[in-house]
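For reference, the structure is listed below as structure tokens.
The values are calculated or read from the model by the stated rules, or taken from the named source; none is laboratory data. Just so we're clear, the structure is a prediction, and the values are computed from it rather than from any experiment. Cβ: placed from backbone, ideal geometry, glycine included. Neighbour counts: every protein chain shown.
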Amino acid sequence: MMRKQKQRGQSIVEFAIVLPFLLLLIIGMVETAFALRSYLYVNTACREGIRFAARGRYTDVDTARWMLASGGYTRLNNQQVFFFRTTSPEPNTGVIITRIPIRADGTIGQQVRYITGTITLVSGNEISTVPITPDYSRVAREVNIERHRDETIAINQQRVAQGYEALDNQVVVVEVFYAHRTLWNYEPLGLPRVLNLYSRSVMRVVSDARQTQ
């Protein structure tokens, strides 16, 4: 009898030791799943945006509107709101659409940007949401424009050799910034309350769209 009681007490102690780690594992799995869901939504919005922007037949305003609608709806404070929000309540998304013209001779023209929404800044325990600006774009340091220029020159050389007219080109870059808020507050553990997710797509405007502009 005493032996069974000792074994039972030992099992309770072991469970008490393992329980915190088990809870952390479950919480981590749930948080990771929600973060991955948000990242998939961000990638989908970016993919939808570049598909529209590269056609050259829609305004950047319409493209951004379609991107924001691609996330569908969610619940916030017992209200149905868009998953991607650039304005109140609790804006969480910023969109930058950059168009880079490349002339037939390879000359790179001036970039044209459409910007809407906000970006969330995290500094320690301080979280602030500010309007997004061109300074947050990563195009200048992460997109190889020279490669697209060289491709434009090579394509036009082939066109001219085959008796066709050389065409100007345009590269469009769509960037999505999304502030993913965790389900629980981990700031006492030194972890951020907001994770900034980012997605970017680059594509050349298709030829028929260039000719109709």
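Results for (1) closer than 25 Å to residue 55 by Cα; (2) crowded, with 18+ Cβ neighbours inside 10 Å; (3) acidic (Asp, Glu), shown as yes or no for each residue.
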{"position": "78", "(1), (2), (3)": "no, no, no"}
{"position": "89", "(1), (2), (3)": "no, no, no"}
{"position": "93", "(1), (2), (3)": "yes, yes, no"}
{"position": "97", "(1), (2), (3)": "yes, yes, no"}
{"position": "101", "(1), (2), (3)": "yes, no, no"}
{"position": "108", "(1), (2), (3)": "yes, no, no"}
{"position": "121", "(1), (2), (3)": "no, no, no"}
{"position": "129", "(1), (2), (3)": "no, no, no"}
Flagged in the range 91-124 as more than 23 Å from the chain's Cα centre (by Cα) and in contact (Cβ under 8 Å) with a residue 24 or more places away in the chain, in numbering order, are 101, 102, 103, 104, 105, 106, 108
query: If you check residue 55 against the conditions, is it touching a residue at least 12 places away in the same chain (Cβ under 8 Å) and farther than 24 Å from residue 127 by Cα?
result: yes
Checked 17, 50 against criteria (in a helix (DSSP H, G or I), modelled with pLDDT under 95 and not charged (D, E, K, R)); the one match is 17
Filter the range 40-63 for residues that are in contact with a helix residue (DSSP H, G or I) (Cβ under 7 Å, 6 or more places away or on another chain) and among the aliphatic types (A, V, I, L, M); the one that is farthest from residue 98 (Cα to Cα) is 45
Checking 157, 79, 162, 111 in turn, the sole residue that is at pLDDT below 95 and touching a strand residue (DSSP E or B) at 6+ places or on another chain (Cβ under 6 Å) turns out to be 111
Residue 176 meets each of (1) β-branched (Val, Ile, Thr); (2) touching a Cys at 6+ places or on another chain (Cβ under 6 Å); (3) modelled with pLDDT under 90 with one exception, condition (3)
Checked 147, 181, 193, 200 against criteria (basic (Lys, Arg) and loosely packed, with under 15 Cβ neighbours inside 10 Å); the one match is 147
Exactly one of 179, 154, 161 is touching a residue at least 40 places away in the same chain (Cβ under 8 Å), among the hydrophobic types (A, V, I, L, M, F, W, C) and out of contact with any His (no Cβ under 8 Å at 6 or more places or on another chain), and that one is 179
Exercise. Going by the structure shown, is residue 57 surrounded by fewer than 16 Cβ atoms within 10 Å (Cβ to Cβ), within 23 Å of residue 139 (Cβ to Cβ) and not β-branched (Val, Ile, Thr)?
Worked result: yes
